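The values are calculated or read from the model by the stated rules, or taken from the named source; none is laboratory data. Here the structure is a predicted model, which is why all the values come from computation and not from measurement. Here the Cβ positions follow ideal geometry from the backbone for every residue, glycine too, while neighbour counts run over all protein chains shown. Surface areas here come from the heavy atoms of the whole protein model, side chains and all, with no ligands, DNA or RNA. Shrake-Rupley method; radii C 1.70, N 1.55, O 1.52, S 1.80 Å.
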Amino acid sequence: MNNILVTGANGQVGSEVKKLIDSGHFSLEESRFFFTTREDLDISDYAQVKSFIEENGINTILNCAAYTLVDHAEKDKEQAYAVNHRGVENLAKVAKEKDIWLIHISTDYVFSGEHHSPINEDEKTSPQGVYAHSKLAGEESIQKIAPEHAIIIRTSWVYGANGGNFVKTMRRLGSQKENISVVCDQIGTPTYAKDIAELLLHIVEKGKTHTPKQPTIYHYSNEGNCSWYDFAQAIFEFSDITCKVDPIPTEAYPTPAKRPPYSVLDKRKVKEAYNIEIPYWRDSLQACIKELDATKIKQYSIGVVGSGFIANGLTKLLLQHSDYSVSGILTRSDLSKRSDFCAPELLTHSLDELIKKSDLIVECSGDAIYATEVVESVLKAELPVVTMNSEFHITTGSYFVDKGLITEAEGDQPGVLAILHEEALSMGFKPVLYANIKGFLNENPSREDMEYWGARSNLSLEMVTSFTDGTKVEIEQVLVANGFGANLIQEGLVKLQSDDMLEGGTKLVEMAKEKGIDLPVSDYVLSPKLPAGVFLLVEHQEDQRPAIKYYKLGDGPYYVLERTYHLCHLEIIKTIHRVLHGGGVLLDNSSNPKYSVAAVAKRDLKAGEVIKKGIGSFEVRGSAIEIAKHKNLVPIGLLVNAKLTREIKEGEYISFDDVELPQSRALEIWQKEILQ
C-alpha cells in the first residue's frame, strides 16, 4: 500500500489534488491519501512530522504547503522561513531516514528575472525578497539532505478555484470598478493549480523509480506567456466583465517585495521525462473561470459610506465573506492619503457610482448632516440602507421612515436592545425598561484627557469625547425611546448609579411610576463594575413566575434580560443578512418622534464663536429633551459650523435664535418636516 501524505490540503494545489482523488478522476491502485492542513500537521515541527509519518506508514509526500504571502513575508520573515525552509527541511530529513519519496513545489521567484528567454533548471538562482529566499532555502535543504528520487517542481503565477489569487481578485475588482491599473512589464506564465495537481498525480502514477536517484528539479507552468496586464484582460474577457484595464509600469505600482520582471520557465525537461502535453495558459484560465462560474453562489454587493473605524472593520469582514462583495467605500477624505484603510483601492468620492454597483448601502459615517444627503439619494434609487449612525436617526431619520427600507444595525447599543426587544416579545415578556450600561461619565472632560484616551483606544478625539461626556448614550437612548414608543423619566436622563442591573432597573421603573410616566421607559445605569452592554427589565404573566424562578431569573415581578457585549461592525453583517432576506426593519426613530437631543454649553461661549461640530466637541454636550416642549432648541446633530449670535452661559441650551446655521438638507427636513 502506497500511503501518500499531501500537505497544504486547503491550499490551491493541495485542494485540487484532493478534488481529483475524491472525484475518481485519478485512481491510483493500492494507494491511500492523507490530506493535512496546518491544523492537522505543522511541518515546521519536526517531532510532529516524524510522528505523523511513522504512525501512518507514509511512503510518499506531496508537499503542497507553503507560505505564499509575498509582500507580507518582508515583515514576517520568521513565519515564511518556518514553512518554506524549516518545514521542507523537516520533510526531507524524515524522507531520507525512512526512504520516503518527496515531491516538493517551489517557485519561479528563485530567479531574479534578468532573463530574456525561457529559464531552464540549470540557470543560476538569484532570489530578490524574503519569500523568494525562503523558497530557495527549502530547495537547498532537499538537495543537501538528498532523499532518494526527490523531486522539486518550480512553477509560476499559480491560480485556481480555491484560496485567494490574482484571478479572484481581478474578478472582484472588475465587478466593482469601472477601470483598474495593472502592471504590464512583468512577463511570466499563469498556471492553473488543477494542471499542477494532475502533473503531481501523473508523477506518482509513474513511480519513483522513473526519476533519477539524486534530487531532480523540473520546471512546470502552462504554455505561453503574458504580462499581468494581459492576464487581467483575459480574466475579464472570459468572465464577461467590462471593466477597463490600464497598463502601468512596475514603478507605478511599488510593492514591498520585488517581483522578477521575466520568469517564463523552460518546460522541455519535464515534458520529455513524463511525455506530457501542457495546456496553453488561456485555455486553462477559461476552464478555471467556467468552474468558478458554475460554483458561484449569489453574492450581494455592499456599498459602505464612511471610512473610519467602523467602516474599516466592516470592510475587512465583508471581503472575507463568501456571500458578499464590497462595491466601494464612499469617503470625503483625500484618497492619496488613505493607505491606512484596509482596501484603499475601493475608496471612492462618487455616490452615484456606489449606488449603481450596490445591492445595499451601509451608512456608518457618524455625521447626521452628511448621512441625510446620502440616505436620501440611496432611498430614491430604491436601495435598502443599514446604518450604524444613531446621530442621523435622531436628527432626520424619522423623515425617511416611509421613504424606503432603512434600519439601524445590530451591534451598537440601540441595535442590540432592539434584538433583545424582539427576543423578549417572542417569549411573552413585556419590556418595562430599555437600559444601557455606561462605565464612566464626565460631562466636561479636558482636551488633554480625551487626546490621551483617544490615542490609547485608537478612536477619534470627537468619538471618545462624545462617549465620555454622555452625548452618545443620550442619543442612543432617545433613538430607543422613539423607536419603541418608550418614555423618558426626565430630560437629560436620570444617570442612575447602580452596580446591579435588577436593582438599578427596578429603581428607574419605580421612579417612572412615581412620576406618573407610562412604561416602558428608556435610560441607563452608571457603573464601573458592570460589563459593557445593555439590558431589558421585563415582566411576565403571573402564572409563569414559578417557571421563570426555576430558570433562575429571580422571584419577579421584574426580570433582567441582558447582552453584556456589543461588537459593532462585526454584528452589522447580521442586519445586512436580515434586510436582504426579507427580515425588515430592526429599529428606526419612528415617523413621529417624541424626543430629541439638544446641545448644552459646557462652558461660557461668546458671540461670534464657531462650533465646528457639536457632537464630541469641547463647547457643548448632548442632552435628551421632549421636542414638543422645546421646538426652538437645536438638535446637536445639526450643530455643525454653527456661528453663535449671542453669549451662551455654561449649562444653557442652544436655540435656533442663538446661532447661524449653514443651509443643509438636514436643517430643512428638521424645520419643515419633523417639527410640523
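Out of the GluC sites (Glu not before Pro) in the range 590-676, which ones are loop residues according to DSSP with at most 16 other C-beta atoms within 10 Å? Show your work: numbers first, answer last.
Values: sites: GLU609, GLU619, GLU626, GLU647, GLU650, GLU652, GLU660, GLU668, GLU673; in loops: GLU609, GLU619, GLU647, GLU650, GLU652.
Within the range 590-676, the qualifying GluC sites (Glu not before Pro) (loop, at most 16 other Cβ atoms within 10 Å) are GLU609, GLU647, GLU650, GLU652.
Expressed in nm², what is the orientationally averaged projection area of the convex hull enclosing the Cα positions of the range 481-548? Let's see the in-between values first.
Values: hull surface 22.8 nm².
Value for the range 481-548: 5.7 nm².
Given a 1.4 Å probe and every protein chain left where it sits, what share in percent of the accessible area of the range 38-93 is carbon and sulfur?
45 percent
If you wrap a convex hull around the C-alpha atoms of the chain and split its volume per residue, what is the figure in Å³? Each step should come with its number before you reach the end.
Values: hull volume 130.9 nm³, N = 676.
In the chain, the Cα hull volume divided by residue count equals 194 Å³.
For the range 298-356, state what percent of all Cα-Cα pairs lands in each successive 10 Å bin, counting from 0 Å until the bin that includes the largest distance.
All Cα pairs, binned at 10 Å, distribute as 25, 57, 17, 1 percent.
What would the Debye equation give as log₁₀ I(q)/I(0) for the range 15-160 at q = 0.17 Å⁻¹, counting only Cα atoms as equal point scatterers?
One equal scatterer on each Cα of the range 15-160 leads to -1.03.
In square angstrom, what is the accessible area per residue of the chain with a 1.4 angstrom probe?
Numbers: 29110 Å² over 676 residues.
I get 43 Å² per residue for the chain.
Cα-based Rg of the range 417-487 per 2.2 N^0.38 Å, rounded to two decimals?
Details: Rg = 15.7 Å, N = 71, 2.2 N^0.38 = 11.1 Å.
Working it through for the range 417-487, the quotient is 1.41.
Based on a Kirkwood Rh over C-alpha pairs, give the Stokes-Einstein translational diffusion coefficient of the range 242-295 at 25 °C and viscosity 0.890 mPa s in µm²/s. Please list the in-between numbers first.
Working: Rh = 15.3 Å.
The estimated diffusion coefficient comes to 161 µm²/s.
Would you give the gap between the C-alpha center of the range 36-76 and the C-alpha center of the range 627-676, rounded to a whole Å?
64 Å
Output needed: percent of Cα pairs per 5 Å distance bin for the range 52-93, bins running from 0 to the one holding the longest distance.
All Cα pairs considered, the percentages come to 5, 20, 26, 19, 13, 8, 6, 2.
Cβ neighbours within 10 Å, averaged per peptide: list 487-494, 145-152, 300-307 in order, most packed at the top.
Values: 487-494: 18.5, 145-152: 20.5, 300-307: 24.5.
Put in order of decreasing packing, that is 300-307, 145-152, 487-494.
Accessible surface of SER117 in the full protein assembly, 1.4 angstrom probe, to the nearest 10 Å²?
The value for SER117 is about 70 Å².
For the range 405-441 and the range 197-238, what is the separation of their Cα centres, given in Å?
The range 405-441 and the range 197-238 have Cα centres separated by 56 Å.
What span do the alpha-carbon atoms of the range 364-505 cover on each of the three principal axes, reported in whole Å from largest to smallest?
Cα extents, longest axis first: 44, 41, 26 Å.
If I model a spin label at GLU503 and ARG603 as a point 7 Å from the Cα along the Cα→Cβ vector, what separation in nanometres do I get?
The two pseudo-label positions are separated by 3.8 nm.
Antiparallel versus total DSSP beta bridges in the chain: what percent is that, nearest 5?
On the way: 30 of 90 bridges.
The antiparallel fraction comes to roughly 35 percent.
Over the range 239-356, what is the mean sequence separation of C-alpha contacts under 8 Å (at least six apart), divided by residue count, expressed as relative contact order in percent? Working shown, then result.
Working: 86 pairs, mean separation 21.3, N = 118.
Relative contact order of the range 239-356: 18 percent.
Quick one: putting +1 on the C-beta of Lys and Arg, -1 on the C-beta of Asp and Glu, what dipole do you get for the range 367-413 around its Cα centre, in Debye to the nearest 20? Write down the numbers at each step before the final one.
Numbers: 2 positive and 9 negative charges, 33 e Å.
I would put it at about 160 debye.
For the range 456-563, what does the relative contact order come out to in percent, with C-alpha contacts under 8 Å and a separation of six or more? List each step's numbers first, then the result.
Details: 117 pairs, mean separation 25.8, N = 108.
Relative CO of the range 456-563 lands at 24 percent.
At q = 0.19, 0.25, 0.26, 0.32 Å⁻¹, what is the log10 ratio I(q)/I(0) for the range 204-246, with the Debye formula run over Cα points and no solvent?
-0.68, -0.94, -0.98, -1.14
Across the Cα atoms of the range 117-207, what radius of gyration and what greatest pairwise Cα-Cα distance (Dmax) are found, in Å?
16.9, 53
For labels at GLU74 and SER336 in the simple 7 Å Cα→Cβ model, what's the distance in nm?
About 2.1 nm, to one decimal.
Under a cut-off of 25 Å between alpha-carbon atoms, report the lysines in cross-link reach of LYS549, not counting same-chain residues fewer than 8 places apart.
Of all the lysines, those that pass the test against LYS549 - Cα under 25 Å, at least 8 places apart if same chain - are LYS430, LYS507, LYS513.
Semi-axes, largest first, in whole Å: what does sqrt of 5 times each Cα gyration tensor eigenvalue give for the range 226-333? Spell out each step's value before the answer.
Details: eigenvalues 242, 86, 39 Å².
Equivalent ellipsoid of the range 226-333: 35, 21, 14 Å, largest first.
Once fully extended, how much extra length lies between LEU570 and GLU277, figured as 0.36 nm per residue of separation less the alpha-carbon to alpha-carbon distance?
On the way: separation 293, 0.36 × 293 = 105.48 nm, distance 4.85 nm.
Gain on stretching LEU570 to GLU277: 100.6 nm.
Could you please state how large a percent of the accessible area of the range 146-186 is carbon and sulfur, counting protein chains only and using a 1.4 Å probe?
Numbers: 560 of 1240 Å².
Roughly 45 percent of what the probe reaches on the range 146-186 is carbon or sulfur.
What 222 nm value per residue comes from the helices of the chain, counting each DSSP H run with n ≥ 4 as -39,500 (n - 2.57) and dividing by all residues, nearest 500 deg cm²/dmol?
Working: 22 runs with 233 residues, N = 676.
So the helix-based figure for the chain works out to -10500 deg cm²/dmol.
PHE440 label point, 7 Å along Cα→Cβ, cut-off 17 Å on backbone N: hits in the range 650-667?
No residue passes the distance filter.
Determine the order of VAL610, VAL49 by accessible area, beginning with the largest, at a probe radius of 1.4 Å. Please list the in-between numbers first.
Values: VAL610 85, VAL49 0 Å².
Heavy-atom accessible area, descending, gives VAL610, VAL49.
Give, rounded to the nearest 20 debye, the magnitude of the charge dipole that the range 542-664 has about its Cα centre when Lys and Arg contribute +1 at Cβ and Asp and Glu contribute -1 at Cβ. Walk me through the numbers on the way to the answer.
Working: 18 positive and 16 negative charges, 52 e Å.
Roughly 260 debye, rounded to the nearest 20.
Could you give me D for the range 166-216, from Stokes-Einstein at 10 °C and 1.306 mPa s, where the hydrodynamic radius is the Kirkwood radius over C-alpha pairs? Units µm² s⁻¹, please.
On the way: Rh = 14.8 Å.
After rounding, the answer is 107 µm²/s.
What share of Cα pairs, in percent, lie more than 17 angstrom apart in the range 584-649?
Working: 980 of 2145 pairs.
The share of Cα pairs beyond 17 Å in the range 584-649 comes to 46 percent.
Taking the Cβ-Cβ separation of GLN214 and ARG665 as r and a Förster radius of 45 Å, what is the calculated FRET efficiency to the nearest 0.05?
Working: r = 76 Å, r/R0 = 1.69.
With a Förster radius of 45 Å, E is 0.05.
Output the relative contact order of the chain, whole-number percent, from Cα pairs under 8 angstrom with separation of 6+ residues.
Working: 1422 pairs, mean separation 66.8, N = 676.
Relative CO of the chain lands at 10 percent.
Just the Kirkwood number for the range 291-431, please: inverse of mean 1/r across all distinct Cα pairs, in Å, one decimal.
Values: mean 1/r = 0.0621 Å⁻¹.
Final number for the Kirkwood radius of the range 291-431 is 16.1 Å.
Treat each spin label as a single point 7 Å out from the Cα along the C-beta direction, and report the GLU448 to MET427 distance in nm.
Those two pseudo-labels are separated by 4.8 nm.
From the phi of every residue in the range 38-45, what ³J(HN,Hα) in whole Hz does the Karplus formula 6.51 cos²θ - 1.76 cosθ + 1.60 yield, where θ is phi - 60° and glycine or proline is x?
Running phi through 6.51 cos²θ - 1.76 cosθ + 1.60 with θ = phi - 60° gives 4, 5, 7, 8, 8, 5, 6, 9 Hz.
What lysines could a cross-link reach from LYS643, if we take a straight Cα to Cα line under 18 Å and drop same-chain neighbours fewer than 8 places away?
Of all the lysines, those that pass the test against LYS643 - Cα under 18 Å, at least 8 places apart if same chain - are LYS602, LYS606, LYS612, LYS613.
Using 0.36 nm per residue, how much length does the chain from GLU647 to LEU461 gain when fully extended, once their Cα-Cα distance is taken away?
Working: separation 186, 0.36 × 186 = 66.96 nm, distance 2.59 nm.
Gain on extension, GLU647 to LEU461, equals 64.4 nm.
Per-residue accessible area for ARG603 at 1.4 Å probe radius, Å² rounded to 10?
Taking all protein chains as shown, ARG603 has close to 90 Å².
Could you give the distance between the Cα centres of the range 505-572 and the range 277-319, to the whole Å?
Cα centres, the range 505-572 to the range 277-319: 44 Å.
Show which lysines lie in cross-link reach of LYS194 when reach means a straight Cα distance below 19 angstrom and same-chain residues fewer than eight apart are skipped.
Within the straight-line cut-off, LYS194 pairs with LYS18, LYS19, LYS168, LYS206, LYS267, LYS271, LYS290, LYS296.
Compute, for the range 1-108, the length of the dipole vector about the Cα centre, with Cβ point charges of +1 (Lys, Arg) and -1 (Asp, Glu) only. Units Debye, rounded to 20. Let's see the in-between values first.
On the way: 11 positive and 18 negative charges, 21 e Å.
In debye, rounded to 20, the range 1-108 gives about 100.
Using only C-alpha positions, report the orientation-averaged shadow area of the convex hull of the range 325-378, nm², one decimal.
Details: hull surface 15.5 nm².
For the range 325-378, the mean projected area of the Cα convex hull comes to 3.9 nm².
What ranking of LYS337, LYS403 comes out by heavy-atom accessible area, probe 1.4 Å, highest first? Can you show the working numbers first?
Working: LYS337 150, LYS403 90 Å².
Result, largest first: LYS337, LYS403.
Calculated FRET efficiency, GLU514 and GLU491, Cβ-Cβ r, R0 22 Å, to nearest 0.05?
0.85
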